[in-house]
1. Working only with C-alpha atoms, what are the Rg and Dmax values of region 62-190, expressed in angstrom?
2. Would you list which aspartates and glutamates come within 12 Å of residue 96, measuring only between C-alpha atoms, while excluding same-chain residues fewer than 8 positions from it?
3. So which aspartates and glutamates can residue 74 reach, going by Cα to Cα under 14 Å and dropping same-chain residues fewer than 8 places off?
4. Can you put 195, 643 in order of accessible area, largest first, using a 1.4 Å probe?
5. Residues of region 42-83 with the amide nitrogen closer than 11 Å to a label point 7 Å from the Cα of residue 215, along Cα-to-Cβ, please.
6. How big is D, in µm² s⁻¹, for region 236-330 by Stokes-Einstein at 10 °C and 1.306 mPa s if Rh is the Kirkwood radius over C-alpha pairs?
7. Efficiency by 1/(1 + (r/R0)^6): what FRET value for residue 315 and residue 356, r their Cβ-Cβ distance, R0 = 56 Å, to the nearest 0.05?
8. How large is the accessible surface per residue of region 235-301, computed with a 1.4 Å probe and reported in Å² as a whole number?
Amino acid sequence: MKKTLWKDIKNSFKHSLGRFFSIMLLMALGSFALVGLFVTGPDMRETGKSYFEKLNVADLSVIGDYGIREADQKVIEKAKGIDDVEYIYLKDVVVKNSDVSFRLFSKPKDISKYEVEKGRMPTKKNEIAIDVNYQDQYPINSTISFSEKSDALGSKVLKRTSFKVVGYVQSGEILSKENKGQTTAGTGSLDSFGVISKNAFDSDVYMMAKITFKDTKGMDPYSDEYTDLIQKHKDDLNKLLVDQPQLTLTSIKDDANETIQKNQDKLDDAKKELDDARNQLTDASVQINDAKSLIASNEQKLNDAKKQIEDGQKQINQNEALLKKKQQEYQNGLNEYNQKSAQVTAAQKEIDNAQNQINENKAKLENGKAQYESGIATLNENIQKIEYALQQPDLPEEQRAQYQQQLALLQTQLSQVESEYQVFLQTYQSGMAQVEAANQQLNAKRKELESAKAQLSQAQTTLNQAQVQLTSGRQQLQSAKNQLQSAKSQYESGKTQLASAKEELASKEQEYLNKKSEFDEKEPDALKEIEENQEKIDDAKDSLNQLTAPVYNVDTRREIPGGEGYKIYETVSEIVDSLAKIFPVFLYFVAALVTLTTMARFVDEERINAGTLRALGYEDHDIIKKFCVYGFVAGMLGTILGVILGHTLLPFIVYNAYHNGFIVPTIEMH
C-alpha cells in the first residue's frame, strides 16, 4: 500500500518537472543571494587583507608640507609600538607636453611595496616601473619623459626627467583605477604613478614616512578594532609632532635665509662681474690706444735705427778700405824687411865664413910655427942629451961613436929645420899680415852689418807697431761689424716684434671689438636677468616672511593621498554586506509567494489523485506527505545548489562587477 503512495509521489515528479524546477530554482536563487552576498563582503575584505599583508602596506603615513626632516624622523621614531618605519621621496609631475599627471615614488625597501605585474623594479637612476594601467602607452624599454615644476625657492628634486620603462606595477595603497586622488600637477587629478630609484631624487629631506605597528599584525584592516588601534597610534603621533611645525618653520627659515643670502651673494658677484667686464673693456680700450702710441713710437725708433745702421755701414766700408790700404803698406814694408833681413843674414854668413877662413889660415900658420919651434926644441934637447952623454968619461967608444953619429945627424937636421923655419917665418909673417888685413876688412863689414841690423831692427819695430795698429784696426772693424750686425739683428727683431705687435694689436683690437659687441649685446639681457633674479630673491624673502608653520598629516590607509580606492573598496564590501541583509529576504519573500502559489495550484491539480488515494485508504497525513516530500526535495536541492553557487559564483560576479575600478587581485574564497 505504501508502494502505491511512493509510486504516486514519483509520478508527480515526472509529470510536473517544470513546476519542480521552478520551485528548486526559486529556492536556489534565494539561497544563492543570501549565502553569496553574506560571504562576498568578508571574502573581499580577506582578499584585501592578504594583499595588504603581502605588500606590507603601511598602517600610518606621515606627510609634512615641507617634507620629513631629520628632526622629524627622530620624533616619529619615538612613537610607541612601531614595528618598522621607512622614509621615501615622492614628486608630482606631468608627462612632457601633456596634462597627464604622475606621482613618482622612490622604490621602498620593506614597507608599502609594489606588486610587479610584468618586467622588474628599477635598479638604476634612469629606470622606472609604472602603473600597469599604462602598459599599452609605454612598452618595456620605451622612454617616458616628465616635466617638473620648481618649488617656491626655484629648486627641483629630480636629477633627471627621462626614464627607461623596465616594468609595470600595482600599489597596495592606490587601489582605484579611476580615482587616485588629488595632485599639484596637471589638471589637479592624479592620473597614474611610477616608481624610481632613490638615487634619481636630489633632495635633502624625505617627503613621507611609512609606519607599521607591531600590534596590528594579522588584524583585519577593516575591523573596528583595527580602526580604533590605528586611531590611538595616530593620536600618539600627533601629540609627538605637536611642536614640530614651529621648529621646522624656524629651521626652514634659517636654511632659506642662508640660501637666499648665498643667491644674493651670487647675484652681487654677477653684478660685480658685469661691472668688472665693463671696466675691463674700458681698460682694454685705453691699453689698445696706449699700444698704438707705443707702436708708433717704436716704429719711429726703428726708422732712426735703420738710418744709424746705414750710416754705420758706410763708416765701416770706409774704414775697411783704409784698413786694406794700411794692410798693403804693411805688407810692402814686410816684404822689404824680409828682403833686407835676407841680405843681412847673407852678409852675416859671408862674414862668418870669411872669419872662419881667416881663423883657419891663422891657425895653420900658428900650428906650422909651433911645429917648427917644437921640432927645433926637440932637436936641441936631443943634441944636449947626446952631448951630455959624450961628456961621460966611462962612455964606451963604440957607443960614443954612435952618439957622435947621432949628434952629427941631429945637428944637420937642426940646421936644415932652422933654415926651413927662417923661410917659414917669412911666410908666417906675410900670412899674419894678410890675416890682420882680412880682420880689418871683416871689422869694417861687421860695422856695416851692425848698422844694417840696427836699421833692420828699427824696421822690425816699425812693422810690429804697424802690425799692432792693423790688428787693432781689424778688431775695431770687426767690433764695428759685430755692433752693426747686432744692430741689424736688433732692428730685424724689432721689426718682427713690431709686425707681431701690430698683428697682436689688430687681433686684440678685433677681440676687444668682438667682446664689446658681445657685451653690448648681452648687457641688456644680463641686467634684465639680474633684475629678475633680484626680484625673485625679493619675492623669496617676501614668501619666506609670509611662510607659515607646516602641517603634519598623519594619515591612515583611508586618508593617505591616493587612498580613495581603499575607502571605496571597503564601502563596496560594506554595501554587499548591507545587500545581504535586505536583498535575500526580498528574494526569499518572492520565492515563498511564488512557491506558495505553485504548490497551491499543484494541490488543486492533485485533488483527483488525492481523492483516489483517500479512497484507497490512505490517511490525510499520507497525502500531505506527498506534497511535503515534493516541496522538500525541490526546496532542498535548490537551497544546496544556491549555497554552492553562492559560495563560489556570486563573489566572482560581484568582483567582476567592480574589478574594473580596482587593482585588487582576484577575490579569494574564505
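The values are calculated or read from the model by the stated rules, or taken from the named source; none is laboratory data. If you're wondering where the values come from, they're calculated on a predicted model, not measured in any experiment. When we count neighbours, we look across all protein chains shown, and the Cβ atoms used for this are built from the backbone with ideal geometry, even at glycine. We work out accessible area using only protein heavy atoms, side chains counted, and drop any ligands, DNA or RNA first. Shrake-Rupley method; radii C 1.70, N 1.55, O 1.52, S 1.80 Å.
1. Rg and Dmax of region 62-190, Cα atoms, are 15.6, 47 Å.
2. Partners found: 148.
3. Cα-Cα hits under 14 Å: 84, 86, 243.
4. Numbers: 195 0, 643 50 Å².
From most accessible down to least: 643, 195.
5. What the label zone holds, given the 11 Å backbone N cut-off, is 80-82.
6. Values: Rh = 21.6 Å.
For these conditions, the coefficient is 73 µm²/s.
7. On the way: r = 59 Å, r/R0 = 1.05.
The computed FRET efficiency comes out at 0.40.
8. Details: 4370 Å² over 67 residues.
Per residue, region 235-301 has an accessible area of 65 Å².
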